[in-house]
Amino acid sequence: MARYSASGSQNLPESTTPITALTIAAQSTVHRNIIYDITIGNVGAPADLVTLHTIQRITAVGTAGASVTPTLLDIADRASQSAVGENHSSEPTYTASTELLEVPLNHRATFRWVAAPGGEIITPATNNSGIGAKAIHASATTEWRVGCMWEE
């Protein structure tokens, strides 16, 4: 299996509606993605505030402000078959009650999740299915970044 890395950013406005920074989904060639590493951090002005970050399953990718080209971790592998996007202007379709990871994170901190062996997040082999990384903060404006590593 080939391994990849990608990251995306999003400006988070004062809002009670979550905003998506990064999506990774199977497209054109239907396959499963196995996510094993996620990093979340604030790249805006540091403050002693907390934002709730959620990694959740998606069934449609929404509209990304920019597509992201996944980086091969082994340059001998093929190009990624996943569609990756950042800075979404319209939200992906999130599957209800499928929060895979929720992290209330202080803006001065960085969070890294690494799957225990056998504990990876696995997406279904369905077109447009994957994961989305979204955040919400009702009273602060900042920019945050999410990075993922996966196999396909």
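The values are calculated or read from the model by the stated rules, or taken from the named source; none is laboratory data. Note that the coordinates shown come from a computational prediction; the quantities given were computed from them, not determined experimentally. Note that we place each Cβ from the backbone using ideal geometry, even for glycine, and neighbour counts take in every protein chain shown. SASA here: full protein model, heavy atoms, side chains in, ligands and nucleic acids out. Shrake-Rupley method; radii C 1.70, N 1.55, O 1.52, S 1.80 Å.
Assorted remarks:
- Annotation: per residue accessible area for the chain equals 47 Å², rounded to a whole number [probe 1.4 Å, protein chains only].
- Region 52-152, relative contact order in percent, only Cα pairs under 8 angstrom and at least six apart counted: 42 percent
- Phi angles across region 85-99 convert, under the Karplus curve 6.51 cos²θ - 1.76 cosθ + 1.60 with θ = phi - 60°, into 3J(HN,Hα) values of x, 9, 6, 5, 9, 10, 6, x, 8, 8, 6, 4, 6, 10, 5 Hz, Gly and Pro given as x.
- Residue-wise HN-Hα coupling along region 106-113, computed from phi with Karplus coefficients 6.51, -1.76, 1.60 (Hz; x: Gly, Pro): 5, 5, 8, 10, 10, 10, 10, 10
- The HN-Hα couplings worked out from phi for region 39-51 by the Karplus form 6.51 cos²θ - 1.76 cosθ + 1.60 (θ = phi - 60°) are 10, 10, x, 8, 10, x, 5, x, 7, 8, 10, 10, 10 Hz, whole numbers, x standing for Gly and Pro.
- Nonlocal amide H pairs with V61, under 5 Å, H built at 1.01 Å: T93
- Around the Cα centre of the chain, unit charges on the Cβ atoms of Lys, Arg, Asp and Glu (plus for the first two, minus for the last two) sum to a dipole of about 80 debye.
- Close amide H pairs (under 5 Å, H built 1.01 Å from N) link T142 with L12, residues at least 5 positions away or on another chain.
- In the chain, the portion of solvent-accessible area held by carbon and sulfur atoms comes to 51 percent [1.4 Å probe, whole percent, DNA, RNA and ligands not counted].
- Cα lying deepest toward the dipole's positive end in region 56-152, options M149, N128, S97, charges on Cβ: S97
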